[in-house]
Protein chains: 2
Amino acid sequence: MMRTHTCGELRLKDTGKEIVLAGWVQKTRDLGGMTFVDIRDRYGITQIVFNQDEDIELCKNARKLGREYVVRIRGLVCERSNKNPEMPTGEIEIKAAKLDILNTSKVPPFTIEKTTDGGEDIRMKYRYLDLRRPDIKSNMELRYALSKACRSYLDAKGFIEIETPVLIKTTPEGARDFIVPSRLNQGEFYALPQSPQTFKQLLMVAGFDRYFQLVKCFRDEDLRADRQPEFTQIDCEMSFVDQEDVLNTFEGFIKHIFRTVKEIDLDDFPRMSYQEAMRLYGSDKPDIRFGMSIVDLSHQSKGKGFGIFDQADLVAGIVAPGAATWSRKQIDKLIDYIKTPQVGGQGLIWVKVNEDGSFKSSVDKFYNPDDLKLWQETMNAHPGDLLLLMSGNDLAVRRALGLLRLRLAAQLNLTDANDYQALWITDFPLVEWSEEDQRFVALHHPFTSPKKEDIPLMDTNPAQVKANAYDLVINGVEIGGGSIRIHERPLQEKMFSLLGFSDEEAKEKFGFLLGAFEYGAPPHGGIAFGFDRLCSMFGGTDSIRDYIAFPKNNAGRDTMLDAPSIADDKQLKELHLEIKKDHR
Amino acid sequence: MMRTHTCGELRLKDTGKEIVLAGWVQKTRDLGGMTFVDIRDRYGITQIVFNQDEDIELCKNARKLGREYVVRIRGLVCERSNKNPEMPTGEIEIKAAKLDILNTSKVPPFTIEKTTDGGEDIRMKYRYLDLRRPDIKSNMELRYALSKACRSYLDAKGFIEIETPVLIKTTPEGARDFIVPSRLNQGEFYALPQSPQTFKQLLMVAGFDRYFQLVKCFRDEDLRADRQPEFTQIDCEMSFVDQEDVLNTFEGFIKHIFRTVKEIDLDDFPRMSYQEAMRLYGSDKPDIRFGMSIVDLSHQSKGKGFGIFDQADLVAGIVAPGAATWSRKQIDKLIDYIKTPQVGGQGLIWVKVNEDGSFKSSVDKFYNPDDLKLWQETMNAHPGDLLLLMSGNDLAVRRALGLLRLRLAAQLNLTDANDYQALWITDFPLVEWSEEDQRFVALHHPFTSPKKEDIPLMDTNPAQVKANAYDLVINGVEIGGGSIRIHERPLQEKMFSLLGFSDEEAKEKFGFLLGAFEYGAPPHGGIAFGFDRLCSMFGGTDSIRDYIAFPKNNAGRDTMLDAPSIADDKQLKELHLEIKKDHR
């Protein structure tokens, strides 16, 4: 035994004990005849005191300790004269009798404290030091606590965790697969799973009734900020359920983990259809911690000679509460934002509802105070508010206003990070038209079932078909999504055909699933949650990277390992692969 | 809600309830006016009865049900007249009032029962049906129960589960890596981890103190029976520990899971050095449920004119208890076995110790009864026993006798499958000479620490250096292994150099670890257990495949998915890869 206690556990009641601690030097202070050394481990920090009068040699050695040295100290637990109520161990200190240096440390390339001087790049390269910082360390602890809360709820509800394979078959749908060359099957490749979707469905066919798995998934996408090529999913599936059963089970799940990990009791989750969410918030993942919903003003704004509005599909707006006092410059900034490619708007009409009831707007030429009063009333705005209107294509206007709404909420501090508002979005469209592929693509995935009453529309008007699909949204972030699946071969074939698969392709890629549906597939459905995203939401920050022990950067690189890297010729030869030279 | 109860939960006390069940048709029996249908789900089987006199239409429909149809039944819980005490639901039956066929089923390609007529190939192709069989289903349940027991012990001991990456860097040591081409980093490859070894060490450097993970690992090996290209490991690491701490912690772990999952209390695990295990059992994973240890007879057998023995490095033997009555044919079979390439022996000398105290041997020409009596005494054999002797190179003789010992134990029924005898094997050599590579290779891996007192031998006689390495063996199966690691850069560099790495190679491949060791790496060590193997040991069978939901066959193929498969040209083009044509 290298130590008798950890650096976080000694208390006043331990006074007088001979103990041994081990840990890292957090800091040292030299006060004349006394040297104080704080040593740290995962569990806490304990103060060690070296007294020159008692052992000059020992004290000399203590003075040589650098930051992050690894030490072992034997000593006596004593009551402190100047107690530190901020520290759990702050009532005691250790009078050192023996000091072993277990390892030295170079000066770390950044300070290992809550706020660090290290930039992202250097922290990633030395991730093992970054992980020593209290924030990142507690993120890992939070992640573990969350995983336990997830497992305990699902276990209590009769779910069984089953591991599905990582080396699977490449599929034509969804994002790009990572592929893995097979040496034993020359010229062939495995794929890494984007999700265990088909496996969990097969487990339902196999009769496991309730399955879950915390599982690594992979997507070879062009990485945007905060997307990782490998990520973790809480993957769940149930048999003999309808949509209501799944929503209730997983509303309970989310409530359980909030209660267990954050001691927060969430209210029941409202349900909102996709159509309603798009109409009111211009988004399928609305943040409902604040109102500011989108109001249709087409009727109240057309026919007054303002050509832009008159020709528009839709005129609509939102109310920025208390923003009537904003300067022209502030409003111009909003207009600039609206015109960014991300939002793609043409411009913004604004109306200030002054405190005295008068109006000032960018369309005073076309609309008189009575017109503007009607707008104010329709939008339920108050004196002091700022009305912001856009016009154009219905969906485009709503999307743009939805983004503007989020920006305003941030600017006006309308959201409280400690207020969690969850809701279910339901009734998603089954498919949407892809201009790029010139075919319909599945909004969720090809295994999502259409609403029974909409099945005939699959032949006549596919874009109108609604799916038994649902997303869980918390504070404007999509935390999970799922659906009731197709469980009958003919319907699955119809779906593949709608997505433009030939019968041969469908059989080649998903023959195993079509086959399974012929041997007694039960009705089933499920959901998957993004575990990394859930962790970052629980941790109260946006970056999922801070919740992954060894993340990759935006180029998909692990800069600590320096991976990916060159394969040696022997490896490529065994795999019968050649790297093509680029002749661009 | 599609059902009110599961097929396993109704009891006599539920009599009179209107219920709805859903499940698969296990079998139907037609008894004149009554039709009985057993329906099955994950939780059990319930008997449904259809009465022709009460509803002829319903009864007709019930008669059409085929095996594995998925049905929903509404009905009344009634007491059975002829109760079945074998079934938990055997005191009741459901008088059906309504029958919905939720899905039909083709006739399954093999019977879905405990003993099936399906061969391995067909069962793998239709794994979703194989998983319905009670044995395979309960294997998955056992696997989940074991995972829970593992996690609960490690959690209680302060271990924290941390996920390590799957897309990592290819390493030159150990087995062959699977590699994954990177699209964003042209010409470069990730590797899939053979174990999270370096990551868990970095987590110790990061200060996590106690880490574990149930984690998928990957090895691109030529597959022998019962090796899988992907497998699951229980991976653990601890800081500030010596070997004794690790052994005690994980002896507790193994005892806990046996107690929790099998209700078996294991005795304390004996410790045996590698050298002792090889000497007594010719194996580093001895089955100690029975004795039959190897006895050195060199002294008692040389110098009697029997050339083979006289020239041998070692003459040694084992005692087959009660086998003196074996026929010549039976003994010849043993000799055949000894000569198989797997054992690689030259032959076997046998001595029957007859019940009357006389001897009959294959070397009566060279040894008189007194000589044989001395052998009997040295080997502690009894009348009725058979002595089996081999000669040759010390290690080769012991290995061969070790294999013969196992074969005899099976033949003589010396082992009880329900008797679990665990032991620790310690003091493994650090390295061994590889004839193939013409260099020393690590017996465990390059991060294993040598015994402190043996470090000087690394320069002079590397094969003699003992490592702080240990294996856990139960009933002759290696269940886990680990070591105290090197935590100092100079020693790690010395080790790399001993393994024939140049400084440049060491830095290129393991620079991150060498770097980490310079920033306060604590002393640390750990262990990893093969989870698939552990499951099969708990389940009492040899095949790990039966404990994996979707295993691969010996060619590394998933025959259900038909993976691996051809990648399409677009995928290869994006990865800048070409498949080389084979010109053999």
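Restricting attention to region B:311-352, report how many residues are among the acidic types (D, E), over 20 Å from B:Y281 (Cβ atoms) and touching a helix residue (DSSP H, G or I) at 6+ places or on another chain (Cβ under 6 Å). Can you show your working first?
Kept after step one, since they are among the acidic types (D, E), are these residues of region B:311-352: B:313, B:332, B:336.
Adding the requirement that they be over 20 Å from B:Y281 (Cβ atoms) leaves B:332, B:336.
Subsequent filtering for residues that are touching a helix residue (DSSP H, G or I) at 6+ places or on another chain (Cβ under 6 Å) retains none.
Total satisfying the criteria: 0.
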If we only count helices (runs of 4 or more DSSP H) wholly inside region A:471-584, which ones have 2 or more residues that are without any contact (Cβ under 8 Å) to a residue 12 or more places away in the chain? A:489-498, A:503-516, A:569-575
Go through region A:55-82 and count every residue that is assigned to a loop (DSSP other than H, G, I, E, B) and of a type in the set (K, R). 3
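Out of curiosity, is B:K169 modelled with pLDDT under 95 and surrounded by 18 or more Cβ atoms within 10 Å (Cβ to Cβ)? Lay out the reasoning, then the answer.
Values: modelled with pLDDT under 95: yes; surrounded by 18 or more Cβ atoms within 10 Å (Cβ to Cβ): yes.
Against the criterion (modelled with pLDDT under 95 and surrounded by 18 or more Cβ atoms within 10 Å (Cβ to Cβ)), B:K169 qualifies.
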Out of A:D220, A:D242, A:D235, sole residue that is touching a Phe, Trp or Tyr at 6+ places or on another chain (Cβ under 9 Å) and facing chain B (nearest Cβ under 9 Å): A:D220
Being away from chain A (no Cβ under 11 Å) and among the acidic types (D, E) is the filter here, so list the residues in region B:529-584 that pass it. B:D542, B:D546, B:D569
Return yes or no: is B:L430 of a type in the set (A, V, I, L, M, F, W, C), at pLDDT 95 or above and buried (at least 20 other Cβ atoms within 10 Å of the Cβ)? yes
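Please pick out the residue among B:E91, B:E68, B:E79 that is farther than 21 Å from A:A521 by Cα, touching a residue at least 12 places away in the same chain (Cβ under 8 Å), surrounded by 14 or more Cβ atoms within 10 Å (Cβ to Cβ) and acidic (D, E).
Numbers: B:E68 fails: farther than 21 Å from A:A521 by Cα; B:E79 fails: surrounded by 14 or more Cβ atoms within 10 Å (Cβ to Cβ).
Result of the check over B:E91, B:E68, B:E79: B:E91.
Give region B:60-84 a look and list any residue that's of a type outside the set (S, T, N, Q) and farther than 26 Å from A:H487 by Cα, or say none. Spell out how you get there, then give the answer.
Keep residues of region B:60-84 that are of a type outside the set (S, T, N, Q), which gives B:60, B:62-80, B:83.
Scanning region B:60-84 gives B:L76, B:V77, B:C78, B:E79, B:R80, B:K83.
If you take just the strands (runs of 3 or more DSSP E) that sit entirely in region B:1-54, which of them hold at least 2 residues that are without any contact (Cβ under 8 Å) to a residue 40 or more places away in the chain? Don't jump to the end; show me each part of the working.
On the way: elements: B:18-31, B:34-41, B:44-51.
Because the criterion is at least 2 residues that are without any contact (Cβ under 8 Å) to a residue 40 or more places away in the chain, the strands (runs of 3 or more DSSP E) in region B:1-54 that meet it are B:18-31, B:34-41.
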Any residue in region B:435-451 that is of a type in the set (F, W, Y), more than 23 Å from B:A528 (Cα to Cα), assigned by TED's automatic domain parsing to the domain that holds B:A175 and surrounded by 14 or more Cβ atoms within 10 Å (Cβ to Cβ)? yes
Just name the residue that is farthest from B:E163 (Cα to Cα) out of those in region A:172-186 that are more than 7 Å from chain B (Cβ to nearest Cβ), of a type outside the set (G, A, S) and within 25 Å of the chain's Cα centre (by Cα). A:E173
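For (1) over 24 Å from A:L203 (Cα atoms); (2) assigned by TED's automatic domain parsing to the domain that holds B:R224, each residue gets a yes or a no:
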{"position": "B:G539", "(1), (2)": "no, yes"}
{"position": "B:S543", "(1), (2)": "no, yes"}
{"position": "B:D546", "(1), (2)": "no, yes"}
{"position": "B:A549", "(1), (2)": "no, yes"}
{"position": "B:G556", "(1), (2)": "no, yes"}
{"position": "B:I566", "(1), (2)": "yes, yes"}
{"position": "B:H576", "(1), (2)": "yes, no"}
{"position": "B:I579", "(1), (2)": "yes, no"}
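Just a yes or no: is a residue in region B:397-412 in contact (Cβ under 8 Å) with a residue 60 or more places away in the chain and in contact with a Lys or Arg (Cβ under 6 Å, 6 or more places away or on another chain)?
Going through region B:397-412, the residues in contact (Cβ under 8 Å) with a residue 60 or more places away in the chain turn out to be B:397-409, B:412.
Pick out the ones that are also in contact with a Lys or Arg (Cβ under 6 Å, 6 or more places away or on another chain) and you get none.
There is no residue in region B:397-412 that is in contact (Cβ under 8 Å) with a residue 60 or more places away in the chain and in contact with a Lys or Arg (Cβ under 6 Å, 6 or more places away or on another chain).
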Counting only strands (runs of 3 or more DSSP E) entirely within region B:305-378, those with at least 2 residues that are farther than 21 Å from B:A409 by Cβ and modelled with pLDDT of 95 or more are B:314-320, B:359-361
Does region B:190-197 include one or more residues that are within 27 Å of A:H487 (Cβ to Cβ) and at the interface with another protein chain (Cβ under 7 Å from one of its Cβ atoms)? no
Only unsatisfied item for A:F110, checking (1) touching a Ser or Thr at 6+ places or on another chain (Cβ under 7 Å); (2) within 7 Å of chain B (Cβ to nearest Cβ), is (2)
When you scan region B:383-441, how many residues do you find that are part of a loop (DSSP other than H, G, I, E, B) and closer than 26 Å to B:P321 by Cα? 14
Are any residues in region A:247-270 over 21 Å from A:I234 (Cβ atoms) and in contact with a strand residue (DSSP E or B) (Cβ under 7 Å, 6 or more places away or on another chain), and if so, which ones? A:P270
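Is there a residue being away from every other protein chain (no Cβ under 14 Å), more than 26 Å from A:E488 (Cβ to Cβ), in contact with a strand residue (DSSP E or B) (Cβ under 9 Å, 6 or more places away or on another chain) and not small (G, A, S) anywhere in region B:115-128? So that I can check it myself, show each step before the final result.
The first filter runs over region B:115-128 and keeps only residues away from every other protein chain (no Cβ under 14 Å), leaving B:115-117, B:119-121.
Cutting the leftovers down to more than 26 Å from A:E488 (Cβ to Cβ) gives us B:115-117, B:119-121.
Filter again for in contact with a strand residue (DSSP E or B) (Cβ under 9 Å, 6 or more places away or on another chain), leaving none.
No; the residues of region B:115-128 include none that is away from every other protein chain (no Cβ under 14 Å), more than 26 Å from A:E488 (Cβ to Cβ), in contact with a strand residue (DSSP E or B) (Cβ under 9 Å, 6 or more places away or on another chain) and not small (G, A, S).
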The listed residue being over 25 Å from the mean Cα position of the chain (by Cα) and free of Cβ contacts under 8 Å to residues at least 24 places away in the same chain, out of A:D296, A:D356, A:D265: A:D296
In the set A:A149, A:A156, the lone residue that is more than 10 Å from every other protein chain (Cβ to nearest Cβ) and more than 24 Å from the chain's Cα centre (by Cα) is A:A156
Please go through region A:234-260 and pick out each residue that is surrounded by fewer than 22 Cβ atoms within 10 Å (Cβ to Cβ) and under 16 Å from the mean Cα position of the chain (by Cα). A:I254, A:F258
Kindly establish whether A:E230 is at pLDDT 95 or above and either surrounded by 19 or more Cβ atoms within 10 Å (Cβ to Cβ) or not assigned by TED's automatic domain parsing to the domain that holds A:A191 (or both). yes
For region B:83-199, which fully contained helices (runs of 4 or more DSSP H) count at least 3 residues that are of a type in the set (K, R)? B:134-156
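The values are calculated or read from the model by the stated rules, or taken from the named source; none is laboratory data. Fair warning: this is a prediction, and the values are worked out from it, not measured in the lab. For neighbour counting, all protein chains shown are included, and Cβ atoms are generated from backbone atoms with ideal geometry for every residue, glycine included.
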